[in-house]
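Quick notes on the structure that follows.
The values are calculated or read from the model by the stated rules, or taken from the named source; none is laboratory data. Predicted model, so just to flag it, every value in this text is computed and none were measured. Please note: Cβ atoms are built from the backbone with ideal geometry, for glycine as well, and neighbour counts cover all protein chains shown. Each accessible area value is taken on the protein alone, full model and side chains, heavy atoms only, with ligands, DNA and RNA left out. Shrake-Rupley method; radii C 1.70, N 1.55, O 1.52, S 1.80 Å.
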There are 2 protein chains.
Amino acid sequence: MKVLIIFAHPDRRSFNGSLLKETVSQFESEGHEVKVSDLYKQHWKSEIDEDDFPVTHKKGTRLLIPDASKEAYYSNNLTSDVVEEQKKLKWADLVIFQFPLWWNGMPAIMRGWVDRVFSFGFGYGIRERYGDGMLVGKKTMLIVTVAARKDNYSARGINGPMDDILFHITHNMLFYVGMSVLPSFVTYRTDNATEEVFEDYAKRLREVLKNIDTIEPIPFRTQNSGDYMLPAGTLKEGLEKPGETGFDMHVIKH
Amino acid sequence: MKVLIIFAHPDRRSFNGSLLKETVSQFESEGHEVKVSDLYKQHWKSEIDEDDFPVTHKKGTRLLIPDASKEAYYSNNLTSDVVEEQKKLKWADLVIFQFPLWWNGMPAIMRGWVDRVFSFGFGYGIRERYGDGMLVGKKTMLIVTVAARKDNYSARGINGPMDDILFHITHNMLFYVGMSVLPSFVTYRTDNATEEVFEDYAKRLREVLKNIDTIEPIPFRTQNSGDYMLPAGTLKEGLEKPGETGFDMHVIKH
């Protein structure tokens, strides 16, 4: 299997960086190929702007990002750093996004990776989204380290349930671009974790990675399966289970 | 009133930039003072890293962001760009975050503003959060432009309800640091909007801004009000209305 890890932590000596080491060595020990996009080390440019479209966009004219992105993608004029990441994505069977949860989302540098790499045509089209598109057939998974305690993200937790907090990533970014999204691996209270706590999480992570082929993806509903009214994009009446609202309706329960 | 607008669009000629013009002129016409942090124009540094703590953090040693952030804040050693933004925040009565919704969140450059400006001690402490802390007494509001159609963000919409999509910002970032969060102003299908559509939104926005003093903030539950078990941070049993789950439980309904 070909594994791409998008890694966004400024320090490899962190808890998060130590988990990266575990992930890489676990996969390599089983003979899988691994590539790591270490965004801090690559000095990844976070901000999408007119410099992203150096050939196709006329400097100083109005910048409509989807249009500019589409034009540059189809004429092979995206910048080389973006093209490099898109190549790695095409190569990979499994894409892992590994990051510390900052302010309940991805660090800015990884948000900037998404803004720039998931260009029109590559990451999304008009109808090709939510289970459809260029990246169909690939698996993806989040490995997330969280400073707060787990209770804060429980069903009654003040931060909201972790699955709901990650929904804008798992569903609205990764399933959106067509990938099958495996359940997220989340660790809590990582900043002052003891060696023992780390070892326990590392063991659980290796277990997950060893069995990755057998893990079922989150059963999000695909847009073009007939479940949604189009072009409105609203779930047809009666498909949800009683009491399901909001994000919950878009996950199929059996 | 003193108004600070954090603005994150690469092009002022955009729909979003045109709304900014409306906002500024509406407030100034009523005699309010307005400052704009135009993040793209300021070449804002998006990525938090060891350069954020030039005096207090020893380069090449392990970087624990909350600790490094705390140390630099309390010894007045944050970088000047961050200090400048914190000063503007202290000055303001109302803080507007204006941005295009990209991948269902803030653009990377604004995420980086949050990561860097809401430092330990300034943005958060251990107990000072969710309605408590340094920024109590200030109002805040999102002005968001969205490329997708409104249906996509309706109660049954495939992207999830807009209030839930914005919850990780309104509740988990802005209410978290203590501000009173006004309902968000959201425009849809903005990329190819006609002049007429723009004018209609602009008129509605001016109406909102004119009456801003009378708008009730979203009634999020404060952490230290007695509604939560501490330190678990879980909502006490029986406080929610029947059928309320997830994010919904943390908003008081009457």
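Quick notes on this one:
- Residues being in contact with a helix residue (DSSP H, G or I) (Cβ under 8 Å, 6 or more places away or on another chain), in the same structural domain as A:Phe27 (by TED's automatic domain parsing) and more than 16 Å from A:Gly137 (Cα to Cα) are entirely absent from the stretch A:220-231.
- Qualifying residue in the stretch A:195-212 (condition: more than 23 Å from A:Val3 (Cα to Cα), at pLDDT below 95 and among the aliphatic types (A, V, I, L, M)): no
- The set of residues in the stretch A:142-158 that are buried (at least 24 other Cβ atoms within 10 Å of the Cβ) and within 25 Å of A:Asp115 (Cα to Cα) contains only A:Thr145.
- Top-ranked residue of the stretch A:82-99 - restricted to ones that are touching a strand residue (DSSP E or B) at 6+ places or on another chain (Cβ under 9 Å), of a type outside the set (Lys, Arg) and open to solvent by 10 Å² or more (accessible area, probe 1.4 Å), ranked as farthest from A:Val34 (Cα to Cα): A:Glu84
- Subset of the stretch A:60-81 that is part of a loop (DSSP other than H, G, I, E, B) and β-branched (Val, Ile, Thr) - its residue that is surrounded by the fewest Cβ atoms within 10 Å (Cβ to Cβ): A:Thr61
- A:Val55 meets all of the listed conditions (1) closer than 22 Å to A:Gly125 by Cα; (2) of a type in the set (Val, Ile, Thr); (3) open to solvent by less than 70 Å² (accessible area, probe 1.4 Å); (4) over 16 Å from the mean Cα position of the chain (by Cα) but one, namely (3).
- Pairs meeting the criteria (first residue in the stretch B:193-220 and under 23 Å from B:Ser29 (Cα atoms), second residue part of a helix (DSSP H, G or I), beta carbons under 6 Å, at least 6 apart or on different chains) are B:Ala202/B:Glu22; B:Leu205/B:Glu22; B:Arg206/B:Gln26; B:Leu209/B:Gln26.
- Subset of the stretch A:234-254 (residues that are in a loop (DSSP other than H, G, I, E, B), closer than 21 Å to A:Met179 by Cα and modelled with pLDDT of 95 or more): A:Ile252
- Flag if A:Thr190 is in the same structural domain as A:Ser14 (by TED's automatic domain parsing) and in a loop (DSSP other than H, G, I, E, B): yes
- Those residues of the stretch A:10-39 which are open to solvent by less than 30 Å² (accessible area, probe 1.4 Å) and touching a residue at least 60 places away in the same chain (Cβ under 8 Å), in sequence order: A:Ser14, A:Phe15, A:Asn16, A:Leu19, A:Leu20, A:Thr23, A:Gln26, A:Phe27, A:Ser37, A:Leu39
- The set of residues in the stretch B:155-175 that are under 27 Å from B:Gly125 (Cβ atoms), touching a residue at least 60 places away in the same chain (Cβ under 8 Å) and aliphatic (A, V, I, L, M) comprises B:Ile169, B:Leu174.
- Qualifying position, being within 14 Å of another protein chain (Cβ to nearest Cβ) and under 29 Å from A:Asn224 (Cα atoms), among B:Tyr176, B:Tyr153: B:Tyr153
- Taken together, the criteria exclude A:Glu84 from residues that are farther than 30 Å from A:Ala232 by Cβ and within 11 Å of another protein chain (Cβ to nearest Cβ).
- Selection from the stretch A:118-133 of residues that are over 21 Å from A:Val251 (Cα atoms), in contact with a helix residue (DSSP H, G or I) (Cβ under 8 Å, 6 or more places away or on another chain) and open to solvent by 20 Å² or more (accessible area, probe 1.4 Å): A:Phe120
- Residues of the stretch A:205-245 that are closer than 30 Å to B:Ala147 by Cβ and open to solvent by 80 Å² or more (accessible area, probe 1.4 Å): A:Met229, A:Pro231, A:Glu237, A:Thr245.
- Flag for B:Tyr201 being within 13 Å of chain A (Cβ to nearest Cβ), open to solvent by less than 70 Å² (accessible area, probe 1.4 Å) and among the hydroxyl-bearing types (Ser, Thr, Tyr): no
- So B:Asp163, is it under 22 Å from B:Tyr130 (Cα atoms) and either open to solvent by 20 Å² or more (accessible area, probe 1.4 Å) or not assigned by TED's automatic domain parsing to the domain that holds B:Gly133 (or both): yes
- Residues of the stretch A:135-154 classified as free of Cβ contacts under 8 Å to residues at least 24 places away in the same chain, of a type in the set (S, T, N, Q) and not in a loop (DSSP other than H, G, I, E, B), total: 1
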